[in-house]
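The values are calculated or read from the model by the stated rules, or taken from the named source; none is laboratory data. Bear in mind the structure is a predicted one, so any value in this text is a computation, not a measurement. Because the Cβ atoms are built from the backbone with ideal geometry, glycine has one as well, and the counts that use them run over all protein chains shown. In case anyone asks, the SASA skips ligands and DNA or RNA and just uses the protein heavy atoms, side chains included. Shrake-Rupley method; radii C 1.70, N 1.55, O 1.52, S 1.80 Å.
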Amino acid sequence: MALIDLSKKEIHCKIVYYGPGRCGKTTNLLTVHSSMADSARGKMLTIETKGDRTLFFDLLPLNLGKIRGFNIRIQLYTVPGQVMYAATRKLVLKGADGLVFVADPLQVRRERNVESLEDLRTNLLDYGLKLEEMPLVIQYNKRDLVDTPIPTLTVEELDADLNSAYKVKTFEASAVTGMGVFETLREISKQTVRYVTNKHLLHETK
Amino acid sequence: MTDKAHERDFHGEIDDAIDTLFAPHAGAVRNKPAAATAPVAPERPTPAAPQEKAAALPVSLLSADGADAFSPFEEALLSLDWEISASNIETARRALQEIQGNFEVDKAVALTEVFSLMDRLLAAMAIAPQSVSTSAPKTLQEGLQTLRAAAGAEDLSLIEKTLLDPTLSELRSAIPNIPKDYSKLGQAAQPEKQDFSAGEQKTAAAAQTPAAQTSRTAASTRVPPDEDILPELPVAPVGKAAAVLIEAVNAHLAVLGKCIAKRIIPVENLFAKTPGYEKLHAIHTELRERLERQKQNLIKALGVNYQADAPVPVEPPVGQSTKQAEPAAVCPWQTVALATWGGKTVGFLPEQIVYQGKPSPKVRKCGPFLPLKMLKRGFFGKIGFVMQGELSFQDEAVLKTLTIPVAKSSGAEAPQNDSPLLVLCRENSGMAFWLDEPTEQLDVPPGCRWEPETDPGTLVAGNLTIKGKTIPVITMRSM
Amino acid sequence: MQDFILTAEILEKARNAIEGSLIQAGVRTALLIDGAGNILSNCGHDSDEIDAISLAALAAANLGATSQIAKLIGEEDFSLLFHKGKNGNIHFGRIGDELILITIFGEDVSLGLVRCRVTDLTDTLLQIFEG
């Protein structure tokens with residue numbers, strides 16, 4: 001649910017990073033946070049919990065600058081990936097305008113990816129939203145592991161598992177090194193801002 | 001520009017903005033997310049500078065006499081701080097009365113105003129919590145501390161400046177609608193107070209605290225002197241005349257009590273709740289307080305002759321208009337406006353007619369409800385211009401919002417093209433009538449038959465019989 | 001869920017209602033947000049000092065979480081959400097299904113009376129936003 005403030009000329013969009021536990025959603029946000037200029041980024045919020053899992057969510061507000069006099073602000077959220085946090089995951093999804101699905105390439109997590117994407121689809125449906133109609137990109141994370149002995153899935157396998165139905169843009173990334181993080185963000189930002197502005201701003205600025 | 005081109009353009013702008021934002025980082029790995037740039041944990045809202053504590057109370061006083069009586073009130077205040085509810089307020093008021101009762105008589109008298117203001121603040125919270133200062137429970141806490149200190153103090157005059165005065169002024173400012181010159185009133189009257197005999201001072205103080213009727217001279221009464229104070233009666237009058245007088249005064253007290261409880265307080269509460277009626281509320285409160293003081297004075301004057309359960313003298317049932325309660329068979333009005341409505345002759349009260357005339361044809365289609373703004377003439381006309389009587393003084397903004405139900409006649413026909421419209425209004429109620437003919441003034445001949453209507457649910461106040469013809473008189477009764 | 005489109009007029013009305021009722025009564029900050037954590041209105045004396053974006057996101061999540069907790073114990077929702085601190089207190093109130101009003105106030109202000117005012121304000125705000 002975007003917020004359009006006509007008095008301050010601001011548009012707020014919410015982009016949610018979704019995916020199975022430990023796939024690197026928070027790392028994506030940390031990378032973005034650490035490499036952006038202070039003027040464009042807000043304070044990153046994480047809720048401190050024991051261990052390195054996200055229990056509730058992380059939030060990183062970004063300021064995109066002006067388009068036709070409108071200040072575009074994006075808020076990046078991550079959801080807790082672990083299956084048991086179903087309720088909080090669904091809460092964070094509330095009002096999302098764009099989605100990044102972060103897939104884990106480890107062979108052993110193959111099932112988890114598919115389950116998580118299905119979980120995303122059903123949660124959105126509960127909010128009356130269809131995944132195929134929303135801005136969505138898929139990120140194949142942890143590509144740095146491909147050259148290690150750890151068994152990983154190939155891009156083709158990931159495509160077959162996750163993108164055969166949606167046919168959206170995919171990005172190979174390595175959130176810890178920063179590779180592909182901004183490509184992913186750039187694409188989802190464009191799609192989301194278009195999606196929101198097409199609904200509201202296009203006719204306003206004619 | 002075509003829509004497509006416009007859209008393309010627009011999307012181009014979005015892409016450019018996003019590319020510019022992320023450009024320096026695209027693909028490039030600038031630095032690994034280091035622990036040094038760890039996210040900031042959520043910050044607590046910056047707390048404001050801690051408030052200075054109210055003057056500390058001498059601890060020694062807390063264990064003084066009467067201290068035990070404070071804890072129920074303290075508990076009640078805690079509940080109130082949490083939730084403003086009728087039962088919480090009631091508990092607090094009862095606990096406060098309890099404390100007052102446990103005080104030494106002298107002190108209870110001297111602290112009358114603290115008690116009464118605290119009670120009044122509680123009452124205001126019950127009636128209109130929105131208009132009470134949000135620090136009210138805190139102010140009551142301070143009142144309680146003051147009472148505590150007073151309970152232990154040997155001489156109240158020692159804490160007068162440091163505790164009593166600040167507490168009183170805080171209590172006053174917390175109560176909504178208290179007259180601004182309230183404290184000044186008390187001060188201005190100070191010299192007068194010295195003219196009173198000690199006995200009279202006692203009366204004044206006792207008037208506010210019946211519990212303290214046997215008081216000795218009060219050290220420092222804070223009761224604003226009042227012109228209502230009766231001089232103390234020297235000796236109880238004797239003889240038959242006196243007995244009659246005592247009975248009359250007792251009956252008067254019973255009526256007065258009933259009027260205050262059933263008539264004045266509900267109206268006062270209503271005013272308190274209604275925004276814009278602050279002044280009326282203050283006047284009403286003052287009226288009630290003066291009447292209550294009067295009542296106390298009379299009770300005091302009666303002394304042993306006071307009968308708390310004196311019978312209320314038989315009087316016409318309250319609520320019924322006095323006009324109708326006048327001796328039967330005399331029409332309460334001297335003139336009525338006669339008209340035919342729904343084929344019948346009916347009477348209206350001229351003073352209740354706020355509009356009479358033939359409005360424009362579109363008004364005739366208004367259906368069962370008539371917005372008064374339909375009656376205004378011309379684009380720049382005002383509704384007030386076409387109104388008469390009570391509504392001609394009303395604000396245009398208010399008139400604009402008024403919609404008045406249209407009375408259904410038994411004839412139930414749509415208004416004819418030339419039927420005149422009549423609008424009645426009294427206080428909050430109004431009704432519009434499509435008449436068959438315009439009204440005609442009629443002076444009610446003396447001696448004609450009048451039967452008041454007993455059913456309060458009808459608009460007919462009664463039936464007037466003139467020359468063998470019965471005319472129902474339609475009136476608006478105030479709500 | 002609908003997108004919120006705020007016009008200057010709606011915001012002005014909401015701000016006036018909040019300032020008139022809460023800020024004048026001594027509440028430090030009042031923040032009107034939606035269920036997704038967006039800020040609709042931010043009024044009060046130290047509204048600039050607070051990280052409102054984080055506060056809004058956390059409050060929205062907090063209310064979401066507590067309403068889940070409510071359901072776990074068989075309640076529809078909790079009617080009172082309040083945190084008490086040493087010098088500051090925070091109260092969360094639901095305004096209809098979509099909005100949340102956060103009030104931050106000091107020790108001298110009574111929760112009971114803030115609750116009364118928030119209840120009053122709820123109707124006013126609903127009228128402003130729902131027309």
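Structural remarks
- Residue match in the range B:429-452 (condition: farther than 25 Å from residue B:388 by Cα, crowded, with 16+ Cβ neighbours inside 10 Å and in the same structural domain as residue B:362 (by TED's automatic domain parsing)): yes
- The set of residues in the range A:73-101 that are closer than 16 Å to residue C:37 by Cα and of a type in the set (A, V, I, L, M, F, W, C) comprises A:74, A:76, A:79, A:91, A:92, A:93, A:96.
- Of residues in the range A:65-88 being aliphatic (A, V, I, L, M) and outside any strand (DSSP E or B), the one nearest to residue A:113 (Cα to Cα): A:83
- Consider the range A:34-56 and keep the residues that are within 7 Å of chain B (Cβ to nearest Cβ) and outside any loop (DSSP other than H, G, I, E, B). The one that is modelled with the lowest pLDDT is A:46.
- The condition of being open to solvent by 50 Å² or more (accessible area, probe 1.4 Å) and within 14 Å of chain B (Cβ to nearest Cβ) holds for only one of A:186, A:121, A:110, that being A:186.
- Any chance residue A:169 is modelled with pLDDT under 95 and either within 19 Å of the chain's Cα centre (by Cα) or within 14 Å of chain C (Cβ to nearest Cβ) (or both): no
- Taking the criterion of being more than 7 Å from every other protein chain (Cβ to nearest Cβ), open to solvent by less than 20 Å² (accessible area, probe 1.4 Å) and at pLDDT below 90, no residue of the range C:3-33 qualifies.
- Candidates are the residues of the range C:62-93 that are hydroxyl-bearing (Ser, Thr, Tyr) and farther than 23 Å from residue C:17 by Cα; the one that is surrounded by the most Cβ atoms within 10 Å (Cβ to Cβ) is C:67.
- Among the candidates A:148, A:192, A:184, the residue that is part of a loop (DSSP other than H, G, I, E, B) and either among the polar types (S, T, N, Q) or in contact with a helix residue (DSSP H, G or I) (Cβ under 7 Å, 6 or more places away or on another chain) (or both) is uniquely A:148.
- Of all residues in the range C:94-116, those that are open to solvent by less than 10 Å² (accessible area, probe 1.4 Å), closer than 14 Å to residue C:59 by Cα and not aliphatic (A, V, I, L, M) total 1.
- The criterion of at least 3 residues that are of a type outside the set (Phe, Trp, Tyr) and at pLDDT 85 or above is met by the following helices (runs of 4 or more DSSP H) wholly inside the range B:106-211: B:112-127, B:136-152, B:165-174.
- Against the conditions (1) closer than 26 Å to residue C:99 by Cα; (2) of a type in the set (Gly, Ala, Ser); (3) surrounded by fewer than 24 Cβ atoms within 10 Å (Cβ to Cβ), residue A:37 satisfies every one except (1).
- Some residue of the range A:57-64 being open to solvent by 10 Å² or more (accessible area, probe 1.4 Å), out of contact with any strand residue (DSSP E or B) (no Cβ under 9 Å at 6 or more places or on another chain) and outside any helix (DSSP H, G or I): no
- Among the residues listed as A:31, A:78, A:88, the single one being in contact with a helix residue (DSSP H, G or I) (Cβ under 7 Å, 6 or more places away or on another chain), open to solvent by 10 Å² or more (accessible area, probe 1.4 Å) and within 14 Å of another protein chain (Cβ to nearest Cβ): A:88
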